[in-house]
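Just below is one structure, and these are the notes that go with it.
The values are calculated or read from the model by the stated rules, or taken from the named source; none is laboratory data. Note that this is a predicted model, so its numbers are computed, not measured. Note: ideal-geometry Cβ built from the backbone for every residue, glycine included; neighbour counts use all protein chains shown. To get the accessible areas, we keep the full protein, side chains included, count just its heavy atoms, and leave off ligands, DNA and RNA. Shrake-Rupley method; radii C 1.70, N 1.55, O 1.52, S 1.80 Å.
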2 protein chains.
Amino acid sequence: MAEENVIFVGKKPTMNYVLAVVTQFNNNVDRITIKARGKAISKAVDIAEITRHKFIQNAKYQNIKVETETLQGERGESNVSSIEITLTR
Amino acid sequence: MAEENVIFVGKKPTMNYVLAVVTQFNNNVDRITIKARGKAISKAVDIAEITRHKFIQNAKYQNIKVETETLQGERGESNVSSIEITLTR
């Protein structure tokens, strides 16, 4: 099954997410999207780059999209940047 | 003069860089590249999104490139992710 998979980046260590991406690729998934918001954006880029350089050398960037999401919090609305990095091989 | 301009993102507040980008666009520059490394990558995305949403509504993403740079430090080489976000209007 070659379906699109999404990995949401949060507070876990970078290598946890790298392992998740690599595992998906090794399970014959051919397209994976890494999503992150706010300060986790830097980590998402690290995850994609470590995956490509150390583990899945033939993975390529299909698309990198950034946008602004509006979150509802206790003190009202706040805006946060987000990124979606799609890797294919 | 419509030449390509580059803004390097460092430790200053986000709005300092937004102001620099907006000033360039208002000086008839039509393409600006925002570059950042490591944890500043999240800030670079914020800078691009704030510019587009609050100040230069017709700015578009021309390209978003991520890669790995190798830095020489006291303890040897280290790898750091980087991003280049090119905005045009």
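Taking the label point 7 Å along Cα→Cβ, A:N16 and its counterparts in the other copies are spaced 3.4 nm apart, in ascending order.
Report the local net charge at B:A44: Lys and Arg +1, Asp and Glu -1, summed over other residues whose C-beta lies under 11 Å from its C-beta.
Numbers: positive: B:K35, B:R37, B:K39, B:K43; negative: B:D46, B:E49, B:E84.
In short, +1.
Global dimensions of the protein assembly as shown from alpha-carbon coordinates: Rg and Dmax equal 17.0, 53 Å.
Computed over chain A, the Cα gyration tensor eigenvalues convert (square root of 5λ each) into semi-axes of 26, 13, 11 Å, ordered from largest to smallest. Per-residue SASA remark: B:K12, around 120 Å² accessible (1.4 Å probe; ligands, DNA and RNA not included). Distances between equivalent label points of A:H53 across the copies, with each point positioned 7 Å along Cα→Cβ, amount to 3.1 nm, shortest listed first. Interface area, chains B and A: about 1300 Å² of buried accessible surface, summed, with a 1.4 Å probe and ligands, DNA and RNA left out. Here A:K60 is the anchor, and the lysines within straight C-alpha reach of less than 27 Å, apart from those fewer than 8 places off in the same chain, are A:K11, A:K12, A:K35, A:K39, A:K43, B:K35, B:K39, B:K43, B:K60, B:K65.
Rolling a 1.4 angstrom probe over the protein heavy atoms with all chains in place gives the protein assembly as shown an accessible area of 59 Å² per residue. Distances from B:R89 to itself in the other copies, using label points 7 Å out along the Cα-Cβ axis, amount to 4.1 nm in increasing order. Pairs of Cα atoms nearer than 8 Å and 6+ residues apart set the relative contact order; for chain A it is 31 percent. What residue among B:R37, B:R52, B:R75 shows peak mean-square fluctuation when chain B is described by a Gaussian network model with Cα springs under 10 Å? Of B:R37, B:R52, B:R75, the most mobile in the Gaussian network model is B:R75.
Loop sites only, by DSSP: take the GluC sites (Glu not before Pro) in chain B that have at most 12 other C-beta atoms within 10 Å and name the longest stretch containing none of them. Walk me through the numbers before you get to the answer.
Values: sites that count: B:E3, B:E74.
No qualifying site falls inside B:4-73, the longest such stretch.
Just tell me how shielded B:29-38 is by partners: mean number of partner chain Cβ atoms within 10 Å of each residue's Cβ, no decimals. Don't skip to the answer; put the middle values down first.
Values: counts 0, 0, 0, 0, 0, 0, 0, 2, 2, 3.
Mean number of neighbouring Cβ atoms from other chains: 1.
Here is how the number arises for chain B: DSSP H runs of 4 or more residues each give -39500 (n - 2.57), the sum is divided by the residue count, and the result at 222 nm is -8500 deg cm²/dmol. The antiparallel fraction among DSSP beta bridges confined to the range B:1-87 stands at about 80%.
Once the partner protein chains are put back, the range B:54-89 shows a loss of at least 30 square angstrom of accessible area, versus the chain by itself, at B:I64, B:V66, B:T68, B:S81 (probe 1.4 Å, ligands and nucleic acids excluded). Leaving ligands, DNA and RNA out of it, report the carbon-plus-sulfur percent of the accessible area of chain B at a 1.4 Å probe. About 46 percent, which is the carbon plus sulfur part of the accessible surface.
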